[in-house]
1. Quick check on my link table: of LYS136/LYS366; LYS232/LYS256; LYS256/LYS366; LYS240/LYS292; LYS209/LYS256, which ones sit more than 32 Å apart, alpha carbon to alpha carbon?
2. Counting only C-alpha contacts under 8 Å and six or more residues apart, can you give the relative contact order of the chain as a whole percent?
3. Using modelled amide H (1.01 Å from N, peptide plane; none on Pro or chain starts), what sits under 5 Å from the amide H of ILE138, excluding residues fewer than 5 places away?
4. With the Cα gyration tensor of the stretch 56-166 giving a ≥ b ≥ c as the square roots of its eigenvalues, does the rule (a/c under 1.5 for rounded; else a/b larger than b/c for prolate; else oblate) give rounded, prolate or oblate?
5. Whole-Å semi-axes of the stretch 204-285's equivalent ellipsoid, largest first, each the root of 5 times a Cα gyration tensor eigenvalue?
6. Read phi for every residue in the stretch 213-224 and hand back ³J(HN,Hα) as whole Hz from Karplus 6.51 cos²θ - 1.76 cosθ + 1.60, θ = phi - 60°, with x for Gly and Pro.
7. Can you tell me, using C-alpha contacts under 8 Å and at least 6 residues apart, the relative contact order of the stretch 104-146 as a whole percent?
8. Just to confirm my numbers, what's the Cα centroid distance between the stretch 211-285 and the stretch 84-158 in Å?
Amino acid sequence: MVLLKSKLPDTGTSIFSEMSSLAAQYGAINLSQGFPDFDCSPRLVELVGHYMRAGHNQYAPMAGVTALRERIAAKVEASSGNCYHPETEITVTAGATQALFTAMAALIRPGDEVILFEPAYDAYSPTVRIFGGIPKPIALLAPDFAIDWQTVAELVTSRTRLIVINSPNNPTARVLDDADYRMLSNIVRRTDCFLLSDEVYEHVVFDGKTHRSAAHYADLRERTFVVASFGKLYHITGWKVGYCLAARDLMAEFRKVHQFNVFSVNTPIQYALADFLGIPDEYRWLHTFFQKKRDLLLHGLAGTPFVPLPCQGTYFLLADYAAISDQSELAFCQWLTRKHSVATIPVSAFYSGAVNQGLIRICFAKREETLERAIEHLMAVKAV
Ligand code: PMP
Ligand code: GLN
């Protein structure tokens, strides 16, 4: 018997898979894993079919189809004013997840420290550890999950290789503002540390707030890998296509890994996305579209013992269940799935330490009727 010593001994199945399968097992409404339960534009599906029938079925160029990279450059410039050269500074990836993985692979050496803010998206810490890096989590707490930049400054040393940020944030639904980026910029200015900015929810920001990309700040742009996802832009999480933006030298290193990681990404989908990006209205209304869903959920929760936290963006709303139960978040989510047929995610799953704040994450990227049915179920939950 050959013994495989695990690189990730403490890692189990992701909480998203776990809660989605519990939802399926109990026939519960699945507001756990973050994916839309409505379809993407039929035009996009037709375009993929068109390019398949037209014979675009072999490997794409390693960095991505040129037409798509050009359209991404135009979109990025139009929506955030940032310029990235399609030839040297943009790479199409198999979802944001692969972009995160590849950027970390290109950067992290054994013993390098990586600063993360928790609650953190589940992929970050295990990926750091796969490459021998040492995660240095900073726990942010409810209700405002504010970053104390003094703490960050104290944690940055010559061993710090990378800082990972995620705004709009999954799961806190918070958005970093100009002051946050300026503090971060001051901290990293005289260091050799890089930045990985996960901006997959860039177009899902509410109440007139604007998303700021880390690329907007010159001191940050030169050291930042920006990660984006078409899954979130066009309701196609299952297609797993995203991209990475980075300054030329950084992107050169990213591509050295990318070519051996996936080499290239689904060709007909890239051509279809290039055409579809030419219709900018398709994503410009995303914030209103999702804000309506957030408001429907907020309105519905008002008739329940759940207390919602502020939600500035993303697919997710956090809710406090202290009035209902003092169970741990995981036990509460399992109970809510079994007894009230609504599956959600325990916020504790996004922390490496034992942090239990009595909070669940509810995904509202769902049809109105799904949200209305879920609200009916939640109205039956009684305060103690
Ligand atoms: N980052 C964050 C913050 C996410 O929420 C997700 C998943 N929705 C991803 C990355 C992964 O995106 P993709 O599905 O494009 O790999
Ligand atoms: N990003 C999605 C979420 O936060 C899940 C993606 C996944 O299942 N890995 O729910």
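1. Beyond 32 Å between Cα atoms: LYS136/LYS366; LYS256/LYS366; LYS209/LYS256.
2. About 25 percent, as a whole number.
3. When sequence neighbours closer than 5 places are left aside, the close amide H contacts are LEU116, PHE117, GLU118.
4. In terms of gyration-tensor shape, prolate.
5. One finds semi-axes of 23, 21, 10 Å for the stretch 204-285.
6. Going residue by residue, I get 7, 4, 5, 5, 9, 4, 5, 8, 3, 5, 10, 10 Hz, with x marking Gly and Pro.
7. It rounds to 46 percent for the stretch 104-146.
8. Here the two parts' Cα centres lie 17 Å apart.
Only the coordinates and a few stated rules stand behind these numbers; no lab work does. The structure displayed is predicted, hence computed values, not measured ones. Cβ sites come from the backbone with ideal geometry, for glycine too, and all protein chains shown count toward neighbours.
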